[in-house]
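Step one of this worksheet: look at the structure below.
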Amino acid sequence: MSGALCVLVVSNIDLKTNVAVTKPSAFLKSSVRDCILNVNNDYRYMKLGYYVSLHAEILGNKVVPTTENAVDAYRLPILLVRASKNNVPTMPYIVTDSVKQIMAEFKFPIVVFAVNPFSFEGYYVAKNRSALYRVVKSLSMNYRYAVCAQPLNGEMVSCKSFFGRSNIEDASIGEIAEKVYKTFNIPICKLHIQYVDGKAHLCSLQPLEMEEISPSDLNEISKTVSRFSEKGGFD
């Protein structure tokens, strides 16, 4: 790319920065030629953040995150495979719509995540057979989709991640947040992590709701955006 190009920040978040920020609605009507930093709370397929990255790619622009990374990060089995290949500790898991198969694989309690593209409700813990049947039926949308089941061998922790920095001051969690960002380049997300014998394991990645972004989070995001702009690129 030409050295004359700079970073254009496109965000649906009211950032506290001196850097010029373009709203997604304006960007989607434009034909600008820049490196695009897409700062959004939700990059799921067919959500606003996804369309910003897609529009940037159609224009031939370099963009963070790419649509490929956005789609892969929110598809839990793909997230875990790619993360594991990049040395991110993950839990054992099974993707299935069969309760019997889950019980044959893991002992209770069991953590269950939705895999279907319409449900992002965090996770549910099933402590017995009847609870597992209820959870799988709900998250699979009456068995239309598979679920991702993992053993609960420790403690579940959820953290916010901003450009690979966790809001929880813990070295193990911080390392996971950093590696996940290096793998997928998702600027803003929520990570579900399980602690087992003092070691953190990635379980899931989900969008962060607007109301979950605190004033201190906003300051952290804004400072990072300013640094990106000062560098004039992503490399």
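Return the residues of segment 173-203 that are out of contact with any Pro (no Cβ under 6 Å at 6 or more places or on another chain), assigned to a strand (DSSP E or B) and more than 12 Å from Lys160 (Cα to Cα); say none if nothing qualifies.
Within segment 173-203, the first condition is being out of contact with any Pro (no Cβ under 6 Å at 6 or more places or on another chain), and the residues that meet it are 173-184, 187-200, 202-203.
From what's left, assigned to a strand (DSSP E or B): 188-196, 199-200, 202-203.
Matches in segment 173-203: Gln194, Tyr195, Val196, Lys199, Ala200, Leu202, Cys203.
Out of all the residues in segment 22-53, which are among the hydrophobic types (A, V, I, L, M, F, W, C), buried (at least 17 other Cβ atoms within 10 Å of the Cβ), over 19 Å from Leu205 (Cβ atoms) and without any contact (Cβ under 8 Å) to a residue 60 or more places away in the chain?
Answer for segment 22-53, where residues must be among the hydrophobic types (A, V, I, L, M, F, W, C), buried (at least 17 other Cβ atoms within 10 Å of the Cβ), over 19 Å from Leu205 (Cβ atoms) and without any contact (Cβ under 8 Å) to a residue 60 or more places away in the chain: Phe27, Ile36.
Report whether or not Asp72 is buried (at least 18 other Cβ atoms within 10 Å of the Cβ), under 18 Å from Val180 (Cβ atoms) and among the acidic types (Asp, Glu). Don't jump to the end; show me each part of the working.
On the way: buried (at least 18 other Cβ atoms within 10 Å of the Cβ): yes; under 18 Å from Val180 (Cβ atoms): yes; among the acidic types (Asp, Glu): yes.
Spelling it out, Asp72 is indeed buried (at least 18 other Cβ atoms within 10 Å of the Cβ), under 18 Å from Val180 (Cβ atoms) and among the acidic types (Asp, Glu).
So if I check each of Gly198, Gly154, which one is within 22 Å of Leu79 (Cα to Cα) and either charged (D, E, K, R) or without any contact (Cβ under 8 Å) to a residue 60 or more places away in the chain (or both)?
Exactly one of Gly198, Gly154 is within 22 Å of Leu79 (Cα to Cα) and either charged (D, E, K, R) or without any contact (Cβ under 8 Å) to a residue 60 or more places away in the chain (or both), namely Gly154.
Of all helices (runs of 4 or more DSSP H) completely enclosed by segment 52-117, which ones contain at least 2 residues that are in contact with a strand residue (DSSP E or B) (Cβ under 8 Å, 6 or more places away or on another chain) and closer than 30 Å to Lys23 by Cα?
Working: elements: 67-74, 76-85, 99-105.
It comes to 67-74, 76-85.
From the list Ser25, Ser31, exactly one residue is small (Gly, Ala, Ser), at pLDDT 95 or above and part of a helix (DSSP H, G or I). Which is it?
Within the list Ser25, Ser31, the selection yields Ser25.
Select, from Ser226, Ser222, Ser138, Ser161, the only residue that is assigned to a strand (DSSP E or B) and among the hydroxyl-bearing types (Ser, Thr, Tyr).
Working: Ser226 fails: assigned to a strand (DSSP E or B); Ser222 fails: assigned to a strand (DSSP E or B); Ser138 fails: assigned to a strand (DSSP E or B).
Ser161 is the lone residue from the list that is assigned to a strand (DSSP E or B) and among the hydroxyl-bearing types (Ser, Thr, Tyr).
Out of (1) assigned to a loop (DSSP other than H, G, I, E, B); (2) more than 26 Å from Ala70 (Cβ to Cβ), what's the single condition that is false for Ser130?
(1)
The values are calculated or read from the model by the stated rules, or taken from the named source; none is laboratory data. If you're wondering where the values come from, they're calculated on a predicted model, not measured in any experiment. Cβ: placed from backbone, ideal geometry, glycine included. Neighbour counts: every protein chain shown.
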